[in-house]
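Shown next, in structure tokens, is the structure this report addresses.
The values are calculated or read from the model by the stated rules, or taken from the named source; none is laboratory data. Just so we're clear, the structure is a prediction, and the values are computed from it rather than from any experiment. A quick note on method: Cβ atoms are made from the backbone with ideal geometry, for glycine too, and the neighbour counts reach across all protein chains shown.
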Amino acid sequence: TFTDGGTTLGTVALDGSGKATLTTASFAVGSQPIVATYSGSADFLAATSGATTVAIARAGAQVILVTQAVNKHRKVVSLSLKAVVEPVAPGAGVPTGAVIFEMMPKKMKKVKVLGTAPLSGGSATLAVKPNAVLKKSITILYGGDTAFLPSTSTAVVSKGKAAASVLLVTHARTLWRRR
């Protein structure tokens with residue numbers, strides 16, 4: 001039986017070599033004192049180990065930019081930037097907090113903050129003026145939380161097809177079509 005400060009994490013049988021291995025995802029970030037207890041058998045007495053400290057670090061996160069455009073008369077009339085923050089394997093869970101959307105103007109003088117949006121279910125959306133961001137470099141900054149490390153992603157917002165970036169996906173919907 002493996003315990004963390006008196007809380008049972010799990011009980012596993014010994015393998016053929018007399019070892020027990022427990023895999024769990026129930027640890028919080030930080031240091032955890034783990035104790036193993038052997039209940040004994042007909043041939044061996046019960047025994048308890050000393051506490052071994054296990055350090056649990058925050059998981060990595062990746063940010064993905066998804067643009068959602070609404071076209072009318074072949075012109076983009078509304079545009080939303082959606083940031084999806086996902087854990088990097090072997091991390092698990094749903095990142096919380098907020099993301100900052102930034103844009104680097106063509107003249108490359110000063111970064112412009114487009115806005116901040118809270119994460120809900122691991123994603124955040126920000127409505128922007130299409131002409132202000134099309135063909136511009138957008139950076140999403142995720143500051144991290146208690147379980148996930150900070151992450152940044154940059155992509156170019158394009159009209160129509162996605163730019164040559166694995167992290168950019170474009171979804172467009174046409175409201176009116178000429179026949």
- Query: So which residues in segment 137-153 are without any contact (Cβ under 8 Å) to a residue 60 or more places away in the chain and β-branched (V, I, T), if there are any at all?
  - Reply: T139
- Looking at F2, is it free of Cβ contacts under 8 Å to residues at least 60 places away in the same chain and surrounded by 12 or more Cβ atoms within 10 Å (Cβ to Cβ)? yes
- Task: Look at V76 and say whether it is farther than 17 Å from S120 by Cα and either modelled with pLDDT of 85 or more or among the β-branched types (V, I, T) (or both).
- Result: yes
- Message: Taking the conditions exactly as written (more than 23 Å from A147 (Cβ to Cβ), of a type outside the set (A, V, I, L, M, F, W, C) and without any contact (Cβ under 8 Å) to a residue 40 or more places away in the chain), does T53 satisfy them or not?
- Response: no
